[in-house]
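What follows is one structure encoded as structure tokens, with my remarks underneath.
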Amino acid sequence: MLRNAWLIPLIPAVSFVLILAFGRRLPAKGAEIGIGAIGISFLLSLVAVVQWVGRSEPREAVERHLTWWKLGGVDIGAGIHVDGLTVMMLAVVTFISLLVQVYSTGYMDGDRRYTYFFAALSLFTASMLLLVVADNTLQLMVGWELVGMCSFMLIGHWWEEEANSSAAIKAFLTTRTGDVGLMLGVITLFFAAGQNFNIANLNRLALTGGISHGLLLTGGALLFLGVMGKSAQFPLHVWLPDAMAGPTPVSALIHAATMVVAGVYLVARVYGVFWAGFSIGDGGINLIALIGGITVIIAAALAFVQDDIKKVLAYSTISQLGYMVMALGVGAWTAGVFHLFTHAFFKALLFLGSGSLIHAVHSNNMSEMGGMRKRMPTTFWTFMVGSLALAGIPPLAGFWSKDEIINGASHGYSLFMVVGLVGAFMTAAYMTRAVYLVFFGEYRGHAHHHESPKSMAVPLQVLGVLSVVGGLVGTGLAGSKWRFSNWVRFDIPGASEIVKEHAFNFPVATLSVALGLIGIGIVVGYYLRNMFPRGAAEKSGLVRTGYKVLVNKYYLDNLYIDGVVRSIQYPIARAAYWVNQHVLDGAVNGVGIGARKTAQVVYDVVDQKVIDGAVNGAGFTAEEGGIVLRQTQTGRVQTYAAFLFGASALIAVGLVFFT
Amino acid sequence: MYLNQFLMLAAVLFAMGVYGVLARKNGVLVLMSIELMLNAVNINLVAFGAFNNNVAGQTFALFVIAIAAAEVGVGLAIILLIFRNRASVDIDEIDAMRG
């Protein structure tokens, strides 16, 4: 199966076409094709895992490549690169996908675009699998963009409501911002590796010093921009909470198996570049760990003030992704990937659980839930398991991986160990808050509700079991051969330093669990025992300010809309008109003034307003600064075309004379 | 074989295409001018392919033709819709995106 791993993405891709073509005429409206196809893919992935683990050491990655065409020595084509990371991802993605599809038959029952929904789910999974098996960065990018497109389709599944379609557009544009970096990074590394897209080759060259450090740093930083967009890292995380507008099964899929983990996967896959480019082995602080660490804390803080249960989980995902990125940033490769693995189970569980609640009470808001413990016992128990796993309570899945990350950070990255511990405390606390608001107390809603149907309950139970035992793979309980770090590791010549393992650190583990328990204790005390003073927000100005900042999501959305979008939109629009009017006498002048004004705007917006915490005036400043620049936007195609041809003519002349 | 003649022909065709795209007011003619430019490129590709004795040039030209067909499909659909809404295909009048 390892040599034929290309079948695994192909099957759901075929199922996508089949569902579109025949889905509507089938008795189950296409769901049976989707579930059947993904089921086969899942079984094949399991076979691949078993075969991979069964191989004798040292395991060599299986590589196959199909050349589409070759031009001047540049090989463009598709291929598979199968190693421990690949088979693990294949299994996780197909498994979560299978459960999500089964669950969707219940959740989406009677939806007006039911068939289309399953087709999109199939394509989503197929794209993610294509990305996972990729042996070259070009194919990886194709899968990456397909994943982005499918998420757009699925987030905006109920596009009749404007909020949903704008959430889809926001997700698409925000990730696209990062994708510019990804594309530039791929191009940079393509040339750095001697005009070669192959990933294994890239890793080898990076680790053996075949590529200069400067190029690796540039390429790595550009790739990481893509990761920040896709994996919702600060400050490009803003799309993920809004993506909750999509149907809940989609959220589960996006958060657990596809889409957001693609970024983490990319870092893990081309780790050689990041390791060498950011000198991760040296300790201290580097960009990856820093972004991850910031994300852990700020997202966890945001999770406290949400009322929408899915948004609590969304911020929790961002925070957990921060953990993974941070782990990769501090050199704990196995820990980061392991957290991806365990997180997939309990986050899918939590999302499907929240879907079950939403299905029952017809509201996302926790203020309209409460007391669900008795009415929905299956959901309650599975949700509890998921929350405890997320909070890192032993021996549940989250404990093992989170602890490995914190332990990994304690070797040379003590700052990030502290971040990890604080994050563990906050995670436990906000999950306890959510669980309390949903399941305890009195029911505050109005809808008449009931336990969810079997098609939804069974996936919950399966995931519940896995959230309990999933982490044990990391301990070697099932024989050292099956130990996670044994079969999933970064096996590239010269990478021996990267796969080094740290022994289980008892004091650190105790500390993180203790912090988690304290977090739970404080929140329980606050809600259940009434231990802490209420209404702190009304009494203390400081608390009120903090609360306001959190509710407004650190004003990042305002900054992006008022500061970035407007300040670019108006100046460019104005500049266009102006250039049109004064092309002959003042083109050079205009650009100069425009640049200065834009710089002024950026200064005013970024420097002044953010510090003041009020970005509202930015639109005004931008407008003022942009008076000069408005008018290139004539709306006439031919003006644009003239600019285009003029510019290319200039470039052509330049090329002729200067080369 | 002389490469120059082909390149000259392609250059002239391309220039005619550029002129059409920039100066024509009729949307359909603009689309046709774009086709002229694409085909100028095709001539280049095939000429270079023949000159270097490989098929890569022709393969590319086939790709271009296929893509061009799709592009014209989309373009004509857009122009048709514009015509239905405005009873005119004068592209100077279409400036709803003006800033």
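Calculate how steeply helix B:3-23 sits against the longest principal axis of the alpha-carbon atoms of chain B, using the helix alpha-carbon long axis, and give the answer as 0 to 90 degrees to the nearest 10.
Helix B:3-23 and the main axis of chain B meet at about 10 degrees.
With the Cα gyration tensor of the stretch A:1-77 giving a ≥ b ≥ c as the square roots of its eigenvalues, does the rule (a/c under 1.5 for rounded; else a/b larger than b/c for prolate; else oblate) give rounded, prolate or oblate? All intermediate terms of the calculation are to be shown ahead of the outcome.
Values: a/c = 6.65, a/b = 1.40, b/c = 4.75.
Oblate.
Of all the Cα-Cα pairs you can form in the stretch A:205-318, what percent are over 18 Å apart?
Values: 3438 of 6441 pairs.
Pairs farther apart than 18 Å: 53 percent.
Which order results if A:LEU511, A:LEU253 are arranged by neighbouring Cβ count within 10 Å, fewest first? Walk me through the intermediate numbers first.
On the way: A:LEU511 16, A:LEU253 31.
In increasing order of surrounding Cβ atoms, one gets A:LEU511, A:LEU253.
Which of the three applies to the stretch A:123-188, rounded, prolate or oblate, going by the alpha-carbon gyration tensor with a ≥ b ≥ c and a/c under 1.5 meaning rounded? Please report the intermediate quantities before stating the final value.
Working: a/c = 5.32, a/b = 1.66, b/c = 3.21.
Since a/c reaches 1.5 but b/c is at least a/b, the shape of the stretch A:123-188 is classed as oblate.
Determine the dipole magnitude for the stretch A:69-228: charges of +1 sit on the beta-carbon of Lys and Arg, -1 on that of Asp and Glu, nothing else is charged, the reference point is the Cα centre, and the result goes in debye to the nearest 20. Let's see the in-between values first.
Values: 6 positive and 10 negative charges, 66 e Å.
Charge dipole, the stretch A:69-228, about its Cα centre: 320 debye, nearest 20.
Which entries of A:LYS170/A:LYS311; A:LYS347/A:LYS402; A:LYS170/A:LYS310; A:LYS170/A:LYS402 have Cα-Cα distances beyond 20 Å here? Mind dumping the intermediate values first?
Working: A:LYS170/A:LYS311 16 Å; A:LYS347/A:LYS402 14 Å; A:LYS170/A:LYS310 17 Å; A:LYS170/A:LYS402 31 Å.
From the list (A:LYS170/A:LYS311; A:LYS347/A:LYS402; A:LYS170/A:LYS310; A:LYS170/A:LYS402), the Cα-Cα distance tops 20 Å for A:LYS170/A:LYS402.
Hey, can you rank A:433-443, A:643-653 by average C-beta count inside 10 Å, highest first?
Values: A:433-443: 18.8, A:643-653: 11.0.
Taking the mean over residues of other Cβ atoms within 10 Å, the ranking is A:433-443, A:643-653.
Which order do the peptides A:144-151, A:118-125 come out in when sorted by mean C-beta neighbours inside 10 angstrom, highest first? Can you show the working numbers first?
Numbers: A:144-151: 22.1, A:118-125: 27.5.
Listed from highest to lowest mean packing, they are A:118-125, A:144-151.
Per residue of A:61-73, what is the mean number of Cβ atoms on other protein chains within 10 angstrom of that residue's Cβ? Walk me through the numbers on the way to the answer.
Working: counts 0, 0, 0, 0, 0, 0, 0, 0, 4, 1, 4, 1, 0.
Neighbouring Cβ atoms belonging to other protein chains average 1 per residue here.
Within 10 Å of each Cβ in A:634-643, how many Cβ atoms from other chains are there, averaged over the peptide? Let's see the in-between values first.
Working: counts 4, 6, 7, 9, 8, 2, 1, 5, 4, 0.
Shielding by partners across A:634-643 averages 5.
What is the sum of charges, Lys and Arg at +1 and Asp and Glu at -1, for the other residues whose Cβ falls under 15 Å from the Cβ of A:THR115? The partial results should precede the final answer.
Numbers: positive: A:ARG24, A:ARG25, A:LYS29, A:ARG112, A:ARG113; negative: A:GLU32, A:ASP109, A:ASP111.
Computed value for this residue: +2.
I need the fraction of alpha carbon pairs in the stretch A:29-113 separated by more than 21 Å, rounded to a whole percent.
Details: 1810 of 3570 pairs.
Percentage above 21 Å: 51.
Using the Kirkwood radius over C-alpha pairs as Rh, can you work out the diffusion coefficient of the stretch A:1-157 via Stokes-Einstein at 37 °C, viscosity 0.692 mPa s, in µm² per second?
Values: Rh = 16.2 Å.
The diffusion coefficient I find is 203 µm²/s.
In nm, what is the difference between 0.36 nm times the number of residues separating A:GLU32 and A:ARG596 and their Cα-Cα distance? Please report the intermediate quantities before stating the final value.
On the way: separation 564, 0.36 × 564 = 203.04 nm, distance 6.03 nm.
Extra length from A:GLU32 to A:ARG596 when fully extended: 197.0 nm.
log10 I(q)/I(0), Debye, Cα-only the stretch A:317-385, no solvent, q = 0.20 Å⁻¹?
With no solvent term, the Cα-only Debye profile gives -0.80.
Just rank A:TRP275, A:TRP159, A:TRP487, fewest to most, by other beta-carbon atoms within 10 angstrom.
Numbers: A:TRP275 27, A:TRP159 17, A:TRP487 20.
With the fewest neighbours first, A:TRP275, A:TRP159, A:TRP487 line up as A:TRP159, A:TRP487, A:TRP275.
For the stretch B:1-54, with equal point scatterers placed on the C-alpha atoms only and solvent neglected, what are the log10 I(q)/I(0) values from the Debye formula at q = 0.23 1/Å, to two decimals?
Evaluating at q = 0.23 Å⁻¹ gives log10 I(q)/I(0) of -0.76.
In units of 2.2 N^0.38 Å, what is the alpha-carbon radius of gyration of the stretch A:144-259? Before the final figure, lay out the partial values.
Details: Rg = 16.6 Å, N = 116, 2.2 N^0.38 = 13.4 Å.
Compared with the compact-globule rule of thumb, the stretch A:144-259 sits at 1.24.
State, to one decimal in nm, how far the label point of A:VAL656 lies from the label point of B:ALA96, with both points 7 Å from Cα in the Cβ direction.
The answer from the label model is 4.1 nm.
Would you please report the Å³ per residue occupied by the convex hull of the alpha carbon atoms in the stretch A:295-430?
Once divided by residue count, the hull of the stretch A:295-430 is 85 Å³.
Please give the charge dipole size of the stretch A:1-127, origin at the Cα centre, charges +1 on K and R Cβ atoms and -1 on D and E Cβ atoms. Round to the nearest 20 debye. Intermediate results must be reported in sequence, preceding the final value.
On the way: 10 positive and 8 negative charges, 81 e Å.
Here the stretch A:1-127 has a charge dipole of around 380 debye.
Which whole-number percent gives the relative contact order of the stretch A:230-371, counting Cα pairs below 8 Å spaced six or more residues apart? Can you show the working numbers first?
Working: 184 pairs, mean separation 44.2, N = 142.
RCO, the stretch A:230-371: 31 percent.
Viscosity 1.002 mPa s, temperature 20 °C: give me the Stokes-Einstein translational D for the stretch A:389-440 in µm²/s, with Rh taken as the Kirkwood radius over C-alpha pairs. List each step's numbers first, then the result.
Values: Rh = 11.6 Å.
Translational D for this selection: 185 µm²/s.
Debye calculation, C-alpha points only, no solvent: report log10 I(q)/I(0) for the stretch B:13-99 at q = 0.14, 0.19, 0.25 Å⁻¹, in the same order as the q values.
Cα-only, vacuum Debye calculation for the stretch B:13-99: -0.58, -0.87, -1.16.
If packing is taken as the mean number of other Cβ atoms within 10 Å per residue, what is the order of A:223-233, A:51-61, B:17-27, highest first? Show your work: numbers first, answer last.
Values: A:223-233: 27.7, A:51-61: 12.9, B:17-27: 17.1.
Top to bottom by mean Cβ count within 10 Å: A:223-233, B:17-27, A:51-61.
Coordinate-derived values only; no laboratory data. Everything numeric in this text was worked out from a predicted model, so none of it was measured. All Cβ positions, even for glycine, are placed from backbone atoms using ideal geometry, and neighbour counts span all protein chains on display.
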